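Right, one structure below, let's go through it.
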Amino acid sequence: MEITNNLNQDIIHAPQWFKDAIEDKPSSEIIKNPNGDISYSTWCSKDDSEDLIVLIHGTGAHKKWWDPIAPHFRDCSNVVAIDLPGMGDSSFRESYGIKDFGECIVSVIEKEKAKKNISNIFIVGHSLGGHVAGYVASERKDLINNIIIIDTFIRPPDYDPNQHSSPLRMIKHYQDKTDIVKRFRLMPKQDCLNDWYLRYIAEYSVKNVEAGWRWKFDDVMFSSLERLFGYTFSFGCPALFIHGEDSLLTSGSILENIKNTYGDIMAFEGVPGAAHHVPLDKPLELVSIIKEHLYKN
């Protein structure tokens, strides 16, 4: 794909369903918080549904990764997609942690429940978002009715964080927007045939500041994020773990360890032809799996 400063021109060969979805514009919402404001998008259901699907992105990503997917659920649910702190359009914070992220998710849910007649809360998290979803569902069993985790590396109980280092990403500035958009890459590295999807999310992964164009995420977050070590998920609601069959993050014994630990409280489903970034590799297949899990009855 030739990348220019014209998004619409660059994604002209995207399938029609994708173009229709991103034209279904969400409303933008902000929750004021003394530690840093939270930005999220909302799509209202078409039939006054009492359900709410909460979409949570992965590390360094943002809410607009879900733009091509979220509208597909409007026929059965209200939908929100959230920018976690330090990512997307949410504010930077002095520190970052899964527990804090979980509190942010709960604050969004409570705000939406106050606005609409919401009875059922379904949370869907990809990668890092899966950790956040699992934490919220475990800590707030009274609030969450269903959970879907997508290709999340759930660490084994004996995982030693001291033997693993987080990548240090030093923010650079570029004078031209096209230059930085061309440098957009998926992490962990993988190929993705849906280059129009990549081009779309890259467009909203950058911002222009006084020093030039830079990535939206807080570079400090990558090396300082406090994760869940020695924490066991204990959600009691229906749960599904979706994994890309070609994913490096759930390859080898990793998936088997997750099944051994959580097989009694969670179902598992693989997606052929998908690597770690299942929403980008197989978006329509993912929509079908989620709908089947949430509304199979």
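Residues considered: 211, 21, 275. Largest GNM mean-square fluctuation over the chain, using C-alpha springs under 10 Å, is found at 211. In this simple spin-label model, placing a label point 7 Å from the Cα along the Cα-to-Cβ direction at both residue 114 and residue 47 gives a separation of 3.0 nm. Here the range 174-297 yields Rg over Rh of 1.04, to two decimals, using C-alpha coordinates and the Kirkwood radius. Within the listed set 285, 110, 210, the Gaussian network model of the chain (springs between alpha-carbon atoms below 10 Å) gives the highest mean-square fluctuation for 210. Rounded to the nearest 5, the antiparallel percentage of DSSP beta bridges internal to the chain is 35%.
Computed from label points 7 Å out along Cα-Cβ, the spacing between residue 1 and residue 295 is 2.8 nm. The slack in the chain from residue 265 to residue 187, taken as 0.36 nm per residue of separation less the alpha-carbon distance, amounts to 25.2 nm.
Applying the criteria of a DSSP loop state and at most 10 other Cβ atoms within 10 Å to the GluC sites (Glu not before Pro) of the range 1-33 yields 2.
Only helical runs count toward this figure. For the chain, summing -39,500 (n - 2.57) over DSSP H runs of n ≥ 4 and dividing by all residues gives -8500 deg cm²/dmol at 222 nm. Taking only Cα atoms and a 10 Å spring cutoff, compute GNM fluctuations for the chain and point out the largest among 54, 132, 106. Evaluated over the chain, the most mobile residue of the options is 106.
Partners of residue 115 within straight-line reach, counting aspartates and glutamates whose Cα lies under 17 Å from its Cα and excluding those fewer than 8 residues away in the same chain: 29, 47, 48, 50, 51.
Bear in mind these aren't lab numbers, they're just calculated from the coordinates by the rules spelled out. Computed from a predicted structure; not experimentally measured. In this analysis, Cβ positions are derived from the backbone assuming ideal geometry, glycine residues included, and neighbour counts consider all displayed protein chains.
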